[in-house]
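The values are calculated or read from the model by the stated rules, or taken from the named source; none is laboratory data. Bear in mind the structure is a predicted one, so any value in this text is a computation, not a measurement. Glycine gets a Cβ as well: all are built from the backbone with ideal geometry, and neighbour counts include every protein chain shown.
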């Protein structure tokens, strides 16, 4: 067993607040957010609304709750939501879309993206009452299970315009929208502009210990506030966590490019390993997904052996592994992690 510091590549959610972030949290002015009296949270919400080009924003405890609240706001039970294949809402929210919003998800496209033509083909005709009505299209940007790819913005614009013509609402699961903006050079407001409602997360690339936000029109955010309370997400002195998010925006957003470079380094080191399939074009931000051929180590064995060497990665399926770079992984650690994984893969 190694005595070196663990290199944790399981997720960008494992980051711990820096000393400076903790100091900002400790010094944050707070009040009761239920009464709208937490000044730090109010300032963060106003900032997020401005950054995303929306009228208003609402802080929520987690990204999953933000996504679930968005579904409650934009759909009714029995509706159909059209999403990208292997989206977070369908794969990593424990069936919440069905349990909380009463909707069914239909996956389209491949590799985390889809086209306006594919959306149009998936929309159910409302003239036939046997179909669940298609009322919402959801895009995940960046797309987690497809390796953190950035959804092409020109296609986003076409998709949302088509949705409006067909009477569908649009929602952006932008938990890693900061990564998408840094990677593409497109401002967050432009990435968010085509959508009715947008979610962003503070607990991934920005390194805060918790928190997400929804942004949209004043009317939609008022409805989201009600559903947040119904789901138990209304809290009190949230300025402590809002201060962490604000610190992350101020100090950790621009450095996301370092995470992207480290992910690319890791991917290039693994791509030519025996039995590994890794599409380098999919490594656009901080997530590396690679597949293990039959006859090579299976994912669970690789994960276990890597842990013994002090490298933590996640098995996404029997022969699929994910590694994620983040604030707590230096370039030297990325290089060492790649070296260990290469040794284990032969």
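This table checks each residue for (1) modelled with pLDDT of 95 or more; (2) loosely packed, with under 14 Cβ neighbours inside 10 Å.
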residue: 1; (1), (2): no, yes
residue: 4; (1), (2): no, yes
residue: 10; (1), (2): yes, no
residue: 27; (1), (2): yes, yes
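Among the residues of the stretch 329-337, are any out of contact with any strand residue (DSSP E or B) (no Cβ under 8 Å at 6 or more places or on another chain) and farther than 30 Å from residue 249 by Cβ?
no
Need at least 1 residues that are over 28 Å from residue 243 (Cβ atoms) and touching a strand residue (DSSP E or B) at 6+ places or on another chain (Cβ under 6 Å) per element, so show me which strands (runs of 3 or more DSSP E) inside the stretch 23-135 make the cut, counting only ones lying wholly within it.
Numbers: elements: 56-60, 80-84, 104-108.
Once the strands (runs of 3 or more DSSP E) in the stretch 23-135 are filtered for at least 1 residues that are over 28 Å from residue 243 (Cβ atoms) and touching a strand residue (DSSP E or B) at 6+ places or on another chain (Cβ under 6 Å), what remains is 80-84, 104-108.
Within the stretch 174-188, can you find the residues that are in a loop (DSSP other than H, G, I, E, B), in contact with a helix residue (DSSP H, G or I) (Cβ under 8 Å, 6 or more places away or on another chain) and buried (at least 24 other Cβ atoms within 10 Å of the Cβ)?
175
Of these, 336, 322, which one is surrounded by 14 or more Cβ atoms within 10 Å (Cβ to Cβ), modelled with pLDDT of 95 or more and part of a helix (DSSP H, G or I)? Give the derivation first.
Numbers: 322 fails: part of a helix (DSSP H, G or I).
Of the residues listed, the single one that is surrounded by 14 or more Cβ atoms within 10 Å (Cβ to Cβ), modelled with pLDDT of 95 or more and part of a helix (DSSP H, G or I) is 336.
Considering only residues that are in contact (Cβ under 8 Å) with a residue 60 or more places away in the chain and either part of a helix (DSSP H, G or I) or under 23 Å from the mean Cα position of the chain (by Cα) (or both), which ones fall in the stretch 295-310? I'd like the intermediate steps shown before the answer.
The initial filter retains those residues of the stretch 295-310 that are in contact (Cβ under 8 Å) with a residue 60 or more places away in the chain, namely 308-310.
Hit for the stretch 295-310 is 308, nothing else.
Which of the residues spanning the stretch 282-294 are assigned to a loop (DSSP other than H, G, I, E, B) and in contact (Cβ under 8 Å) with a residue 40 or more places away in the chain? Give the steps one after another, and end with the answer.
To start, the set of residues in the stretch 282-294 that are assigned to a loop (DSSP other than H, G, I, E, B) comprises 283-286, 293.
Residues satisfying the conditions are 283, 284, 285, 286.
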